[in-house]
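The values are calculated or read from the model by the stated rules, or taken from the named source; none is laboratory data. These numbers were taken from a predicted model, which means no experiment stands behind them. Backbone-built Cβ (ideal geometry, glycine too); neighbour counts: all protein chains shown. For accessibility, only protein heavy atoms count, side chains too; no ligands or nucleic acids. Shrake-Rupley method; radii C 1.70, N 1.55, O 1.52, S 1.80 Å.
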Amino acid sequence: MPEFQTTPGTRDILPPDAARWRAFIENFATVVERAGFEQIILPMFEDLGVFLRLGDATDVVTKEMYDFVDKGGRHVALRPEQTAGACRAYVQHHPVPPWKVWYAGPNFRYEKAQHGRYRQFDQVGVEVLGVDDPLLDVEVIALAHEFFRLLGLRDVTLHINSLGDAGDRDRYVSALSEYFNSHSSELSEESRATLARNPLRVLDSKRPNEQDLIREAPSITHFLSDDAAAHFAMVQQGLALLGVDFVVNDRLVRGLDYYRRTTFEFSSGALDSAQTAVGGGGRYDGLVEDLGGAPTPGIGFAIGLDRTLLACDAEAVFSAPSSAADVFVVDTTDGRAALTVSARLREAGQRVERAYGAKSMKSQMKAADRSGAVFAVIVGSDEAAAGTCTVRNLSTSEQLTVPRDGLVAHLAGQLGSRTPRRSNS
Ligand code: HAM
């Protein structure tokens, strides 16, 4: 075993998976930029205080933060998500609302590492600040839905709920707390500890012997103010109008404390582990204010890139884009022809591979076949002397002699001009 390996919860994303990641992000950018979102790049670490606003009842804050005091004595933390950072940026730069941003990048949570749950994981996401309109909630949810469809995922279910306004939520939490406390002997020790910290999260328990109790618990539906209930009704009507299927799930509470009104989560039926959430989000109308800004409504979502790709694997969709070369240059003289021919073809936009280290013709032709290239360009001593090269179609074995200075034009005619590839499955 080598002395150094990736630490628990982190992974190397090797080729060809790294190209698949990039295609994932490019596809996401395409979907959200069509809807008017612009990219934001936030710092990976910030003042710890920014993330404390996620709520002192969340595991993300109390147990999972990667925080440290830097050499200048500042207490900072690696970001566990990007919503708080986006709101901090909004307060700091006061852009004109509505502010519609999207992001991609790694986040860090000291979680129990397992398949589909990592300590460093990537998300793509959007945030909209400054709009209090239930039809925006619909648009935001529909974007995530559209993206999952674009990836080819079929087995993804959208769950929606409303957590009401701050007052509704507080009254509901009190009612839940009273209910679970009166049944505390039926709760596991872990759930009793959760109850003391955050009664809402008891609803997340997956323990089979607590499911009856959870089913009978009070429902948030009965605690919504008229405004919050009307907002939620409009969200459901809008989703129906767009033909986006959803399940109303009054037990959906989400892991972060900042949510108000609309919350949602996408779960994959193709993932068999406990980690089936491939994305989630909601409204966080008090967060900007908590970070020192003027009262500003906000809504967004984040999609877990790592976990969504696991769902893609399980459904056999969105494979890695092809990395095959267009052309493989074979040079059996001294290698200089391969150097210059490759350089010229690459400048002209072709994807070109070649062998190194004076290999035999046979071994270079084998490498050409393995590369998946469409053509081999062969320069042997005859071609070198005549200033030509042989262009061989690697699937039909047809060959043609082409003058060296006409090669770029010849191959451009055969291959067409290339644009960066994307996964298309
Ligand atoms: P979240 O539910 O904590 O929400 O994370 C969103 C998604 O990130 C999850 O559904 C999951 O796919 C992925 N994820 C979270 N933790 C891990 C992990 N340890 N390993 C692998 N994947 C993970 C948020 O982060 C909110 N900021 C979303 C949001 C944006 N709400 C409003 N705007």
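A 1.4 Å probe over all protein chains sorts Leu305, Leu242 by accessible area into Leu242, Leu305, starting with the largest.
How large, in percent, is the carbon and sulfur part of the accessible surface of the chain at a probe radius of 1.4 Å? For the chain, the apolar C and S fraction of the accessible surface comes to 51 percent. When each of the peptides 169-178, 5-14 is scored by how many other beta carbons lie within 10 Å of its residues on average, the order from highest to lowest is 169-178, 5-14. Taking every protein chain into account, the accessible area of the stretch 117-238 amounts to 46 square angstrom per residue (probe 1.4 Å). Averaging sequence separations of C-alpha pairs under 8 Å and six or more residues apart, then dividing by the length of the chain, give the relative contact order as a whole percent. Value for the chain: 16 percent. For Phe108, neighbours were defined as the other residues whose beta-carbon sits under 15 Å from its Cβ, and their charges (Lys and Arg +1, Asp and Glu -1) total -1.
Between Leu163 and Arg261, Thr262, Thr263, the built amide H atoms are under 5 Å apart, and every one of these is 5 or more places off in sequence or on another chain.
Under the criterion of Cα pairs below 8 Å and six or more residues apart, the relative contact order for the stretch 1-107 equals 31 percent.
Think of a 1.4 Å ball rolled over the protein heavy atoms: the stretch 270-369 then has 41 Å² of accessible area per residue.
Net charge around Thr157, counting only other residues with Cβ within less than 15 Å of its Cβ (Lys, Arg = +1; Asp, Glu = -1)? That sum, taken over residues with Cβ under 15 Å, equals -1. Relative contact order, whole percent, for the stretch 275-349 stands at 20, derived from Cα pairs under 8 Å and 6 or more residues apart. What is the sum of charges around Glu189, taking Lys and Arg as +1, Asp and Glu as -1, for the other residues whose C-beta is under 14 Å from the C-beta of Glu189? Net of charged neighbours comes to 0. Highest mean packing comes first when the peptides 78-85, 206-213 are listed by Cβ atoms within 10 Å, giving 78-85, 206-213. Scalar couplings 3J(HN,Hα) for the stretch 208-220, obtained by applying the Karplus form with A = 6.51, B = -1.76, C = 1.60 to θ = phi - 60°, are x, 6, 9, 5, 4, 4, 5, 4, 8, 5, x, 9, 4 Hz; x denotes Gly and Pro.
As a size descriptor, the averaged projected area of the C-alpha convex hull of the stretch 154-300 was calculated at 9.7 nm².
Using mean Cβ contacts within 10 Å as the protection proxy, how do 146-153, 386-393, 295-302 order, highest first?
Packing proxy ranking, top to bottom: 295-302, 146-153, 386-393.
Which Cα, out of Phe147, Ile13, Leu310, lies furthest along the positive dipole direction of the chain (beta carbon charges, K/R +1, D/E -1)? Final value for the positive-end residue is Ile13.
In this Cβ point-charge picture (+1 for Lys and Arg, -1 for Asp and Glu), the stretch 60-112 has a dipole of about 40 debye about its Cα centre. Placing unit charges on the Cβ atoms only, positive for Lys and Arg and negative for Asp and Glu, gives the chain a dipole magnitude near 1580 debye about its Cα centre. Relative to the Cα centre, the charge distribution of the stretch 1-141, modelled as +1 at Lys and Arg Cβ and -1 at Asp and Glu Cβ, gives a dipole magnitude of about 340 debye. Rolling a 1.4 Å probe over the protein heavy atoms leaves His410 with an accessible area of roughly 40 Å². The mean of 1/r over all distinct Cα pairs in the chain, once inverted, gives the Kirkwood hydrodynamic radius of 24.9 Å.
Note the angle between two axes, namely the Cα long axis of helix 166-182 and the longest principal axis of the Cα atoms of the chain, as a number of degrees from 0 to 90, rounded to the nearest 10. Computed tilt is about 70 degrees. Springs between Cα atoms under 10 Å define the GNM used for the chain, and in it the highest mean-square fluctuation of Leu239, Leu407, Leu224 occurs at Leu407.
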